[in-house]
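Report on the following structure.
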Amino acid sequence: MAHVTKAWALLLALSGASTVLSVAVARGALSGGEVTLGGAAILALAWAKARTILNAYLRLDEAPAFRRGFGLTLALYALLLLALYLAG
């Protein structure tokens with residue numbers, strides 16, 4: 001299976017997991033601290049999808065220095081969003 005096809009399948013799986021979590025939160029299936037964990041998990045899934053897109057579709061997996069730079073920037077941004085989510 002081609003590298004891009006594997007990335008596409010992974011993106012489908014990550015999007016499905018995000019959807020399931022979002023629906024669970026919206027319908028009240030999670031309560032209390034579980035809602036916070038659900039929101040953090042949705043953010044983590046978004047981070048994983050962004051990394052997959054950068055590495056597979058923008059071919060950063062072929063440029064390790066750029067991949068590290070983009071990965072660090074993306075990780076710091078995700079941590080900032082997580083901190084803002086947990087603070088709010």
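The values are calculated or read from the model by the stated rules, or taken from the named source; none is laboratory data. Values in this document were obtained by computation on a predicted structure and should not be read as measured data. Cβ placement follows ideal geometry from the backbone for every residue including glycine, while neighbour counts extend to all protein chains displayed. The protein model used for the area step is the full one, side chains on, heavy atoms only, and it has no ligands, DNA or RNA in it. Shrake-Rupley method; radii C 1.70, N 1.55, O 1.52, S 1.80 Å.
A few points about this structure:
- For the stretch 62-87, the set of residues classified as open to solvent by 70 Å² or more (accessible area, probe 1.4 Å), at pLDDT 95 or above and within 22 Å of V35 (Cα to Cα) consists of Y77, L79, L80, L84, listed by residue number.
- Among the residues making up the stretch 1-27, those that are small (G, A, S) and either open to solvent by less than 50 Å² (accessible area, probe 1.4 Å) or part of a helix (DSSP H, G or I) (or both) are A7, A9, A13, S15, G16, A17, S18, S22, A24, A26.
This table checks each residue for (1) assigned to a helix (DSSP H, G or I); (2) touching a helix residue (DSSP H, G or I) at 6+ places or on another chain (Cβ under 7 Å).
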residue	(1), (2)
A29	no, no
I42	yes, yes
A48	yes, yes
R51	yes, yes
L72	yes, no
Y77	yes, no
L81	yes, yes
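- For first residues located in the stretch 62-88 and under 15 Å from K49 (Cα atoms), partners that are modelled with pLDDT of 95 or more and lie 6+ apart or on another chain with Cβ distances below 6 Å form the pairs L74/A50; A78/W47.
- Filter pass, G38 being of a type outside the set (A, V, I, L, M) and either surrounded by fewer than 13 Cβ atoms within 10 Å (Cβ to Cβ) or modelled with pLDDT of 95 or more (or both): no
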